[in-house]
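Below: one structure, written as structure tokens.
The values are calculated or read from the model by the stated rules, or taken from the named source; none is laboratory data. Model, not experiment: these values are computed from the prediction. Cβ placement follows ideal geometry from the backbone for every residue including glycine, while neighbour counts extend to all protein chains displayed. To get the accessible areas, we keep the full protein, side chains included, count just its heavy atoms, and leave off ligands, DNA and RNA. Shrake-Rupley method; radii C 1.70, N 1.55, O 1.52, S 1.80 Å.
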Amino acid sequence: MTAHISAENGDIAETVLMPGDPLRAKWIAETYLTDPVCYSSVRNMYGFTGMFRGQRLSVQGSGMGMPSLSIYSHELLESYGVKTLIRVGSAGALTDKLNLREVVAASGATSESNLNRMRFNNLVEYAPVANFDLLRNAVDIANEQNKKIHVGPVLSGDVFYGDPPGLYKKLAEYGVLAVEMEAAELYTVAAKFGARALALVTISDNLVTDEHVSAEERQSSFADMVEIALEIAIR
């Protein structure tokens with residue numbers, strides 16, 4: 001057991017889907033996995049292991065923001081032998097070319113967070129990126145399933161409310177598709193442990209058109225993203 005996950009050795013599969021919302025983790029496990037078992041509920045941050053099409057798979061909530069994601073991803077990789085992490089989260093679009101509920105595969109993640117500045121002693125601007133094989137599989141699988149997917153960089157932000165003056169517009173001009181709160185740390189921690197990681201996000205808000213989905217839909221209506229992620233997990 002670790003400080004934040006009450007699983008025993010062997011309880012967690014080598015591939016883990018990581019939604020931020022623990023209730024989305026519960027929904028994924030109950031909807032898609034066969035015989036899911038809850039291996040941890042510490043702080044109500046649920047983790048489940050079950051079977052998907054004959055292969056063992058886990059789902060672990062990560063909470064909101066990079067500090068929380070960092071804790072769970074670190075413990076999964078260091079203490080439980082996890083090899084692959086696939087984030088399944090939500091994001092706000094920075095362009096009107098993205099519609100609600102469309103899926104984005106984050107090729108890389110920029111951030112205003114100080115986490116990597118502290119890690120690298122302010123000597124470099126570390127560039128967190130997705131695992132190429134997982135990213136390529138995401139595109140192939142989305143095409144096979146006739147689901148639309150966008151590929152490009154995202155912003156992993158520390159601030160949920162508020163847009164630093166002109167920042168989102170400037171980032172969109174440089175090709176950043178959406179803002180979320182975890183991908184940069186996911187990619188960085190995975191790199192540290194030599195693991196594979198990919199962040200998939202569903203557009204829950206559009207910051208240009210001011211459209212959004214409900215809180216309930218954030219928990220359980222992102223089926224396209226989850227079904228892409230599940231297929232990636234068993235390849």
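Yes/no matrix, rows are residues, columns are (1) farther than 20 Å from residue 72 by Cβ; (2) in contact with a Leu (Cβ under 8 Å, 6 or more places away or on another chain); (3) crowded, with 21+ Cβ neighbours inside 10 Å:
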{"residue": "115", "(1), (2), (3)": "no, no, no"}
{"residue": "142", "(1), (2), (3)": "yes, no, yes"}
{"residue": "145", "(1), (2), (3)": "yes, no, no"}
{"residue": "162", "(1), (2), (3)": "yes, no, no"}
{"residue": "173", "(1), (2), (3)": "yes, no, no"}
{"residue": "185", "(1), (2), (3)": "no, yes, yes"}
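When you scan the stretch 213-235, how many residues do you find that are of a type outside the set (Asp, Glu), open to solvent by 20 Å² or more (accessible area, probe 1.4 Å) and either in contact with a helix residue (DSSP H, G or I) (Cβ under 9 Å, 6 or more places away or on another chain) or part of a helix (DSSP H, G or I) (or both)?
6
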The stretch 12-59, residues that are crowded, with 16+ Cβ neighbours inside 10 Å, of a type in the set (Lys, Arg) and farther than 15 Å from residue 226 by Cα: none
Answer from 29, 138 - the residue that is assigned to a helix (DSSP H, G or I), within 26 Å of residue 206 (Cα to Cα) and of a type in the set (Gly, Ala, Ser): 138
Search result, residues across the stretch 117-130 that are in contact with a Gly (Cβ under 9 Å, 6 or more places away or on another chain) and open to solvent by 80 Å² or more (accessible area, probe 1.4 Å): 129
Selection count where residues are part of a helix (DSSP H, G or I), open to solvent by less than 40 Å² (accessible area, probe 1.4 Å) and more than 21 Å from residue 13 (Cα to Cα), scope the stretch 61-112: 1
Counted residues, the stretch 185-211 - those being part of a strand (DSSP E or B), of a type outside the set (A, V, I, L, M, F, W, C) and within 13 Å of the chain's Cα centre (by Cα): 2
